[in-house]
Amino acid sequence: MGTKDIIDTLAGIEPDSSLDAIRGRRMQARDNAQKSYLSLFEPIDAGDFSLLERAAVALFVIGLHREPDVAGFYRTKLAATADGARLVEAVDVEIARGETSGPYGAFPAGPLSVENKAGLIYRVSAERKPDLGTRLVAAFEHAHLLVFRPRDAASADMKALLAAGWSSTGIVTFSQLVAFLSFQVRVVTGLRVLGASLGHTANAGA
Amino acid sequence: MSAANNVNPPVVFTQDELGWVSWIDPLPEAELTERHFAGLVDRSRSKSEYFRLLVRDPEVLEARTKTDKDIFYNVADGLPRAERELAAAATSRYNGCIYCASVHARFASTYSKRRDDLQRLLDEGVGADLGERWNAVVKASVALAATPIAFGPDNIDELRRAGLDHAEIVDVINGASFFNWANRLMLSLGEPSK
């Protein structure tokens, strides 16, 4: 399909391979997964959610998924973002503190309560709060909820973000970024597993 | 902001039609510009509180909507629509999104005519025995939804044994992955209401 997009790069899909041809049958999805990435990381207007915040949240979210090649891509991205290099170590430490397995959380009280599953309620460590700042502390805590226990989300979580200085528009874009990355990392992993089963080497070029 | 006392949240998974109310302010219809309508893709979506909330970032919404439509509605080839909807419903059941599961279990029922099987997925959970082919789709969707991702070569083998070709397996991967996007928005920005 010509140029490799970000999913091709991360999944190790080469032009004119069989997976490239299969992706080509869903060109609108392929093009718009790429446009989603670009509109989140190279937005027209980053006023409500800065490029630095986007890159930091992205590394945190992908790091929690423990897909090292994809995390490597977003680590490089954060390091290359203005003022981002100083945050890489703090984000990596918080990833290690936040690692667990999901999904878990509570259902609305009733017959589903028997399926409730307790797990880590992640909070940023006191030592990293000055580096990250109020907005990113609130964002990381909410991002961890979105990654591992989205069914725990409540209106109080929106209030916490608003209280930390996030606008309603910023919350929408931030939620989209975390949710999009949850999609992207799964497509990449799924295609890598399929590619490997086809006998291709699937080394991410990033 | 929606009045909380008007919300009547469902406490079980259902194929009934549910509403959804936002926890933060959607844009008022009167404030929508052409940039917003481009983001909504379908103008009629301006009536939906959910889409008027997401349209606060029109470029992301537009790209997300077009990704969604091609993954689920492009049935020129590949996996039958019913099984794409099954992947969406199973992902939603596992992540715990009652709203998303209601919509996509209903769609899967419509396209497969297997309403009782979908209800068993909702009632019993992702371990319900739905036959080899559907079990393989559900299991692959669940493995993809786990964090860390648990999807591996065994899932590919099971899908192949169940008769799916590589393009159909990619439709499962896309459909299930997409609902890890959709579930997180629906679960965290508002709540379902009966």
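The values are calculated or read from the model by the stated rules, or taken from the named source; none is laboratory data. Since the structure is predicted, the reported quantities are computational estimates derived from the model, not experimental observations. Every residue, glycine as well, gets a Cβ built from its backbone with ideal geometry; the counts of neighbours run over all protein chains shown.
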Self-check item: Output for the range A:125-147, where each listed residue is hydrophobic (A, V, I, L, M, F, W, C), more than 7 Å from chain B (Cβ to nearest Cβ) and closer than 26 Å to A:TYR37 by Cβ
Solution: A:LEU132, A:LEU136, A:VAL137, A:ALA138, A:ALA139, A:PHE140, A:ALA143, A:LEU145
Practice problem: Among the residues of the range A:84-114, write down those that are in a helix (DSSP H, G or I) and surrounded by 13 or more Cβ atoms within 10 Å (Cβ to Cβ). | Solution: A:LEU87, A:VAL88, A:ALA90, A:VAL91, A:ASP92, A:VAL93, A:GLU94, A:ILE95, A:ARG97, A:GLY98, A:LEU112
Self-check item: Count of residues meeting criterion [part of a helix (DSSP H, G or I) and surrounded by 20 or more Cβ atoms within 10 Å (Cβ to Cβ)] in the range A:143-163
Solution: 11
Quiz item: Which of the following residues is under 24 Å from A:HIS144 (Cβ atoms) and within 14 Å of chain B (Cβ to nearest Cβ): A:LEU64, A:LEU38, A:LEU59?
Solution: A:LEU64
Quiz item: Looking at the range B:153-194, which of its residues are of a type in the set (Gly, Ala, Ser) and either more than 7 Å from every other protein chain (Cβ to nearest Cβ) or under 30 Å from A:ASP157 (Cα atoms) (or both)?
Solution: B:ALA162, B:GLY163, B:GLY175, B:ALA176, B:SER177, B:ALA182, B:SER188, B:GLY190, B:SER193
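Taking the residues in the range A:33-53 that are in contact (Cβ under 8 Å) with a residue 60 or more places away in the chain and more than 19 Å from B:GLU168 (Cα to Cα) as candidates, determine which candidate is surrounded by the most Cβ atoms within 10 Å (Cβ to Cβ). Can you show your working first?
Pass one, the range A:33-53, residues in contact (Cβ under 8 Å) with a residue 60 or more places away in the chain: A:33, A:36-37, A:40, A:43, A:48-49, A:53.
Then drop every residue that is not more than 19 Å from B:GLU168 (Cα to Cα), which leaves A:36-37, A:40, A:43, A:48-49, A:53.
Values: A:SER36: 27, A:TYR37: 19, A:LEU40: 24, A:PRO43: 18, A:ASP48: 18, A:PHE49: 25, A:GLU53: 24.
Filtering the range A:33-53 for residues that are in contact (Cβ under 8 Å) with a residue 60 or more places away in the chain and more than 19 Å from B:GLU168 (Cα to Cα), the one surrounded by the most Cβ atoms within 10 Å (Cβ to Cβ) comes out as A:SER36.
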Quiz item: Say we look at the range A:148-175 and pick out the residues that are at the interface with another protein chain (Cβ under 8 Å from one of its Cβ atoms), closer than 21 Å to B:VAL55 by Cα and in contact (Cβ under 8 Å) with a residue 12 or more places away in the chain; which of these is nearest to the chain's Cα centre (by Cα)?
Solution: A:SER175
Practice problem: Being crowded, with 16+ Cβ neighbours inside 10 Å, of a type in the set (A, V, I, L, M) and assigned to a helix (DSSP H, G or I) is the filter here, so list the residues in the range A:1-24 that pass it. | Solution: A:ILE6, A:ILE7, A:LEU10, A:ALA11, A:LEU19, A:ILE22
Quiz item: Restricting attention to the range B:131-140, and to residues there that are more than 10 Å from chain A (Cβ to nearest Cβ) and crowded, with 21+ Cβ neighbours inside 10 Å, which single residue is farthest from A:ALA71 (Cα to Cα)?
Solution: B:TRP134
Quiz prompt | Selected residue (criterion: surrounded by the most Cβ atoms within 10 Å (Cβ to Cβ)) from residues of the range B:76-112 that are more than 19 Å from B:TRP181 (Cα to Cα) and polar (S, T, N, Q) | solution = B:SER109
Self-check item: Residue, farthest from B:ARG56 (Cα to Cα), within the range A:186-197, restricted to residues that are touching a residue at least 12 places away in the same chain (Cβ under 8 Å) and facing chain B (nearest Cβ under 7 Å)
Solution: A:LEU194
Quiz item: Are there any helices (runs of 4 or more DSSP H) wholly within the range B:1-73 with 3 or more residues that are facing chain A (nearest Cβ under 9 Å), and if so which?
Solution: B:58-73
Quiz item: What about B:GLU59, is it at pLDDT 95 or above and more than 18 Å from A:SER167 (Cβ to Cβ)?
Solution: no
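Listed residues B:ALA150, B:ALA128; which is without any contact (Cβ under 8 Å) to a residue 24 or more places away in the chain, outside any helix (DSSP H, G or I), touching a Lys or Arg at 6+ places or on another chain (Cβ under 6 Å) and not hydroxyl-bearing (Ser, Thr, Tyr)?
Numbers: B:ALA150 fails: touching a Lys or Arg at 6+ places or on another chain (Cβ under 6 Å).
Matching residue, one of B:ALA150, B:ALA128: B:ALA128.
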Quiz prompt | Qualifying residue in the range A:22-32 (condition: touching a residue at least 24 places away in the same chain (Cβ under 8 Å) and under 15 Å from the mean Cα position of the chain (by Cα)) | solution = no
